[in-house]
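First the structure, in the form of structure tokens, and then the observations on it.
The values are calculated or read from the model by the stated rules, or taken from the named source; none is laboratory data. Keep in mind the model is a prediction, meaning the values are calculated, not measured. Counting neighbours? That spans all protein chains shown, and the Cβs are built from the backbone with ideal geometry, glycine included.
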Amino acid sequence: MHDLSIQDPEVADIIRQEEVRIENTLDLVAAENHAPGSILEAQGSIFSAKAAEGYPGRRFHAGCRHADKLEVLAIHRAKRLFGAEHANVQPHSGVSANLAVYFAMLEVGDRILAMQLSHGGHLSHGDPSSITSRCFHFRHYGVDPATERIDYDQVRDLAQSFKPRMIVAGASSYPRLINYEKMAAIAREVSAFLLVDMAHIAGLVAAGVIPSPVAHADFITFTTYKTLRGGRGGVILCRRNHAAKISRTIFPGVQGTPSLNLVAAKAVCFHLAQAPEFSELQQKTLENAAAFALEFEKRGYRIVTGGTDNHLVLVDLTSKGLTGDVAEKVLESAGIIVNRNVIPGDTRRADVTSGMRIGSPAITSRGMGPGQVARIVELVDSALVGRHQPSVLEQVSREVIGLCRQFPVYPAPS
Ligand code: DSN
């Protein structure tokens, strides 16, 4: 192996700086996590260079016997972990996985009913800025303004009037459980396929700490790097009868050669996720998210839906006279990484927002618990309240670094 620091010291140095940033900041981005070193090793492995268009035993390149073994193993592990009939482990991302499901099962122009982005959905669920909305005719359901939870009556009414061919359940900033049984019943009533995009919650589902959509959905898409803690990449699960269409749409439909290094990391991720330690981690992820909601509430922040059932908390900053963009910037300057987020009914633009999204996966992976969550919220509050006082921000930064050092992401070998 060549040494990066000799061949390209500039890039090596940027990587080193990022390692230092990761160690010395608190990552509260709900869509992120700290992947174990074994995942990073698999992602950086020799498989990153292999061309392997096609599927195991049916490749368009020679030299694939190890690639085949690897992909078969990843598929087997994915099916076993989630109890699915079929798994495609080639999607490069969650968006590729969603595109493949839409294009496999629908004709261009077909109707899809999905959750509104501003109520918690995802760009690839037909947001006007996404290519998905140029290819398919989307309509969106939202949350009940009073409860801020999905209004299943509205979903049913829209499904019956709009007659979609597919219904998408799943979100990127919805802190509550989704009733898959209800969504599946609505889909059946209008003869639509049900796609569940469980990107954010796949780790919680794999660990069995929240309900699984597998028995209810025709298709499930997810990414491996959020709660699942497995590094970049996407996966599709489906019933056996849809397998051939999904395979053809991923390759050659929307992708070329799979990223086999990511397939290797997915295989490792599925292996690690079936261990009892992983279930414990996911249980703690839930407990820490609940602690975040409680601690923010104690300090007078309004929590969207009044709490959380998963790994994320959506904090309404309005009553504090703050916007999401300001909070995000102030907190980053003190070493606390969050993302601004619209809240249901938000009147502010996506680059401003009235809320911030807080996720518990990464701090839980580095070993923190409810005691540290209480301290983090105290630090967040101090930074936001004292945002115009450099001495306050300096003090918070020092305390953040102190806390991070007690819980290293990648402890130095002893
Ligand atoms: N889906 C994006 C998010 O939730 O932040 C990232 O993948």
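If the condition is being under 15 Å from the mean Cα position of the chain (by Cα) and either under 26 Å from residue 155 (Cα atoms) or polar (S, T, N, Q) (or both), then the range 211-234 contributes 220, 221, 222, 223, 224, 227.
Note on the range 309-352: residues that are modelled with pLDDT of 95 or more and assigned to a helix (DSSP H, G or I) amount to 12. Scanning the range 131-169 for residues that are touching a Leu at 6+ places or on another chain (Cβ under 9 Å), of a type outside the set (Ser, Thr, Tyr) and under 26 Å from residue 314 (Cβ atoms) yields 138, 139, 140, 148, 155, 158, 159, 167, 168, 169. Within the option set 244, 264, being away from the ligand (no atom under 16 Å from the Cβ), buried (at least 24 other Cβ atoms within 10 Å of the Cβ), over 29 Å from residue 173 (Cβ atoms) and not polar (S, T, N, Q) holds for one residue only, 264.
Quick check: is even one residue across the range 219-236 crowded, with 20+ Cβ neighbours inside 10 Å and over 19 Å from residue 172 (Cβ atoms)? Among the residues of the range 219-236, not one is crowded, with 20+ Cβ neighbours inside 10 Å and over 19 Å from residue 172 (Cβ atoms), which makes the answer no.
Within the range 82-96, the only residue that satisfies the criterion of being part of a helix (DSSP H, G or I) and over 16 Å from the mean Cα position of the chain (by Cα) is 82. Considering the conditions (1) assigned to a helix (DSSP H, G or I); (2) more than 30 Å from residue 144 (Cα to Cα); (3) of a type in the set (Lys, Arg), residue 232 is excluded by exactly one of them, (1).
Each residue in the range 237-265 was checked for being closer than 11 Å to residue 86 by Cβ and either among the hydrophobic types (A, V, I, L, M, F, W, C) or under 21 Å from the mean Cα position of the chain (by Cα) (or both), and 5 of them qualify. The set of residues from the range 372-395 being within 28 Å of the chain's Cα centre (by Cα) and either within 16 Å of residue 322 (Cα to Cα) or not acidic (Asp, Glu) (or both) comprises 372, 373, 374, 375, 376, 377, 379, 380, 381, 383, 384.
Selection of the range 317-353 for residues being under 16 Å from residue 119 (Cβ atoms) and over 21 Å from the mean Cα position of the chain (by Cα) yields 345, 346, 347, 348, 349. Scanning the range 1-45 for residues that are touching a helix residue (DSSP H, G or I) at 6+ places or on another chain (Cβ under 8 Å) and within 16 Å of the ligand (Cβ to nearest atom) gives 27, 28, 29, 30, 32, 33, 34, 35.
Examine the range 383-397 for a residue that is in contact with a His (Cβ under 8 Å, 6 or more places away or on another chain), in contact (Cβ under 8 Å) with a residue 12 or more places away in the chain and farther than 21 Å from residue 293 by Cβ, and state whether such a residue exists. No, the conditions are met nowhere in the range 383-397.
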